[in-house]
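Shown next, in C-alpha cells, is the structure this report addresses.
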Amino acid sequence: MLQAGQKAPDFNLLNEKGENVTLADFKNKKVVLYFYPKDDTPGCTTQACSYRDHFSEFVKRGYQIIGVSKDDLKSHQKFLEKYELNFTLLSDPDTTVIQQYGCWKEKSLYGKKYMGTARTTFVLDEEGLILKVFENVDPKADVQQVLDFIDSL
C-alpha cells in the first residue's frame, strides 16, 4: 500500500467517454482519487452520490474527484447517467492501477475468499504527492473524512 509522502504512480486509463486520462493530466491540480469495488452496488452508489452531492465543496477547495474501478466503460456510463455523477470515472479492467496503488486485496464473503478492490481514498497535492491515504473506507463517512482532512491542511 502506498503511504503519505510518496509520489502517486502515474497511470493511463480510459474515462467514461473512452478518452485516455493520466495522472499527469492533473499536474498543478489537487486530486481526490478513490478506488471502489463495483458500479451501482449499494456502498459504491452511496459513496459516489456523496461525492456528487459535495462536488462544489471540493471544487471550492481546488480539488478534482476521480473514481476508479475495474468496471468497463459501458458500466461507468450507465452509473454516471443513472445517478447524475459530475466527476470522472476511470476503468481499470485488468486491475493494473488498482494493484499499483495497493488496493487489490483478498476479501471474504460468506466464508469464501476472493480478490477484489479494497475501498481506498487518496488525497494528492498539485505535484502528485500523496498527502493522506484512507483505507477500509466507510462509504457513508468517506466524503466528510476527506473534507475534514483537507480543511486541516
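Quick note: the coordinates plus some simple rules give every number you see, no bench work behind them. Not measured: the values here are computed from a predicted model. Cβ atoms come from the backbone with ideal geometry, glycine included; neighbour counts cover every protein chain shown.
So for the chain, taking the charge dipole from beta-carbon charges (+1 Lys/Arg, -1 Asp/Glu), which of Tyr83, Ile65, Thr117 sits furthest toward the positive end?
Thr117
From the phi of every residue in segment 49-63, what ³J(HN,Hα) in whole Hz does the Karplus formula 6.51 cos²θ - 1.76 cosθ + 1.60 yield, where θ is phi - 60° and glycine or proline is x?
Whole-Hz 3J(HN,Hα) from phi for segment 49-63: 5, 5, 4, 4, 5, 10, 3, 5, 5, 5, 4, 4, 8, x, 10.
At 0.36 nm per residue, minus the direct Cα-Cα distance, what do Glu135 and Asn86 gain on full extension? Give it in nm, one decimal, please.
Working: separation 49, 0.36 × 49 = 17.64 nm, distance 2.37 nm.
Additional length available on full extension: 15.3 nm.
Fewest Cβ neighbours within 10 Å first, please rank Thr22, Thr88 accordingly.
Working: Thr22 11, Thr88 20.
Neighbour counts put them in this order, fewest first: Thr22, Thr88.
Where is the GNM fluctuation largest for the chain (alpha-carbon springs, 10 angstrom cutoff): Lys38, Lys113, Lys132?
Lys113
About its Cα centre, what dipole magnitude does segment 4-153 give when the only charges are +1 on Lys and Arg Cβ and -1 on Asp and Glu Cβ, stated in debye to the nearest 20? Can you show the working numbers first?
Details: 20 positive and 23 negative charges, 64 e Å.
Rounded to the nearest 20 debye, it is 300 debye.
Would you mind telling me which residue in Val32, Val143, Val21 has the biggest mean-square fluctuation in a Gaussian network model of the chain, where springs connect alpha carbons within a distance under 10 angstrom?
Highest fluctuation of the listed residues: Val21.
Per DSSP helix of 4 or more residues, -39500 (n - 2.57); summed, then divided by the residues of the chain. What does that give at 222 nm, rounded to the nearest 500? Intermediate values should be presented prior to the final figure.
Details: 5 runs with 45 residues, N = 153.
Result for the chain: -8500 deg cm²/dmol, rounded to the nearest 500.
Are there any GluC sites (Glu not before Pro) in segment 104-145 that are in a DSSP loop and have at most 16 other Cβ atoms within 10 Å? List them by number. List each step's numbers first, then the result.
On the way: sites: Glu106, Glu126, Glu127, Glu135; in loops: Glu126, Glu127, Glu135.
Listed in order of number, the matching sites are Glu126, Glu127, Glu135.
GNM, the chain, Cα, under 10 Å: largest mean-square fluctuation among Gly18, Gly128, Gly67?
Looking only at Gly18, Gly128, Gly67, the biggest GNM fluctuation is shown by Gly18.
Tell me, what HN-Hα J-couplings in whole Hz come from the Karplus equation 6.51 cos²θ - 1.76 cosθ + 1.60 at θ = phi - 60° for each residue of segment 125-139, using x for Gly and Pro?
Those phi angles translate into 8, 5, 9, x, 7, 6, 8, 7, 10, 9, 9, 6, 5, 8, x Hz.
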